[in-house]
1. Spelling out what I want: for every residue of segment 177-182, take phi, set θ = phi - 60°, compute 6.51 cos²θ - 1.76 cosθ + 1.60 (Karplus), and round to whole Hz; glycine and proline get x.
2. Write down the Å³ per residue value for the convex hull defined by the alpha carbon atoms of segment 149-306.
3. Normalised by the number of residues in segment 68-129, what is the relative contact order in percent for Cα pairs under 8 Å and 6+ residues apart?
4. Tell me which residues come under 5 Å, amide H to amide H, from residue 140 once H is placed; ignore anything under 5 positions away on its chain.
5. Please turn the phi angles of segment 207-222 into ³J(HN,Hα) values with the Karplus equation 6.51 cos²θ - 1.76 cosθ + 1.60 (θ = phi - 60°), one per residue in order, whole Hz, x for glycine and proline.
6. Which pairs, out of 88/217; 187/217; 262/353; 133/207; 174/217; 309/364, put more than 18 Å between their alpha-carbon atoms?
7. Taking the Cα-to-Cβ direction at residue 92 and at residue 37 and moving 7 Å from each Cα, how far apart do the two end points lie in nm?
8. Between segment 87-126 and segment 288-367, how many Å separate their Cα centres?
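No lab work stands behind these numbers, since they all come straight from the coordinates. Everything numeric here is computed off the predicted structure, so don't read it as measured data. FYI the Cβ positions are ideal-geometry reconstructions off the backbone, even for glycines, and counts take in every protein chain you see.
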Amino acid sequence: MTKKSKRHSSKRQIEAKQEDNLASKVVKWLFILIISLVLIFGIVFGVNVMTGGFGSDDETVAVDIPSGATANDVATILADNDIVANDKLFSLYMRLSGKDEIQAGHYELPKSAGFGEASDILAEGGLSGETYKLAIPEGTNLEGIADIVADASDYSADEFMEVAKSDKFFDQLKADYPDMLGEVADKDDVRYKLEGYLYPATYDIGKDESIEDIIHKMVDNMNNVYVQHQSERQHSDLSFHEVLTLASLVEAEAPETADRQKIAGVFFNRLNQDMPIQSDISISYALNEHRPYVTYDDTEVDSPYNLYKNTGLGPGPFNNPGVEAIEATLEPEDTDYLYFVADLKTGKVYYAKTYEEHMELVDKYVSEDNADM
């Protein structure tokens, strides 16, 4: 090897050693940086857990935790009101500590509360007298919900309906729930776009909650059903809007849980044979008046909701169904029945495969005399 070659080789060795030293220093400083960040995060997290933030305050803040709120929702509400310093840290704390059992209601919480203190208060429930119960039975239509809200709150039914019919408010809801509300947003023939999408349940309502807040809770709960039944929806031939429509009929037609899957199966059998569903529930909705006994003249009403004259499901839901009716619609019972009738006195449902059998049951169990007028 020449002297020149030896010099080049020695130079490369020096450069390689310098590169190794530089890499070693970079790794060392990265390690120190990571350890420092972990320590800082631990200190910040510890301070927030103990005090809720840097500093303390004797002032209390009134907040309302809506029914169905997630841990992230609650963390955001508390952070926005300066009760906890950081929503993500508080949400993480609730998950790690197992303190994510939160009661809806109205609360007076201290500013800069410790994470433990805040979560303990939320687990105990809201202050008495600061909330009211709003009980929405399954199968209640939108106008019926408006009446219930009027009876339970200081809002009138007209005020509730004005918000529920607002296109601007619907667009806000659609922005929050684009997947669930996307289909009904494009429907111009529905009476109310929110019909069917207000989940029936008992809600704890804060005294200062707006009508928008109340409706948002109900839509949010229905969206939970939408998400939780994603797998079943994917195996259904119906869109979610159609599922809600059929489920609203099942809800109103089936007085007992045991009948829901069977009645859903009857409806599917009729749809598959291009037969009109012929549900009396559709007539009451088309007339916008409860009809315990439907006459021939009633079935002639000119309305897209009239499922005696029109085949298919109609424009949309006839009420707001509960989860059992929705599940029955997603998993109907497979039978050969094409007809059913409910005894107007007892509510017991009888099924038939032929029109002749059905008419015998109608003559026996359905008449204007035994209808609860």
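1. So the J values, rounded to whole Hz, are 10, x, 5, 6, 9, x.
2. 150
3. Relative contact order of segment 68-129: 33 percent.
4. The list, which skips near neighbours in sequence, is 320.
5. Once rounded to whole Hz, the list reads 4, 9, 6, 7, 4, 4, 5, 5, 5, 4, 4, 5, 5, 4, 5, 5.
6. Over 18 Å apart, Cα to Cα: 88/217; 187/217; 309/364.
7. Going by the 7 Å Cα→Cβ label model, 1.2 nm.
8. Computed from Cα coordinates, the inter-centre distance equals 47 Å.
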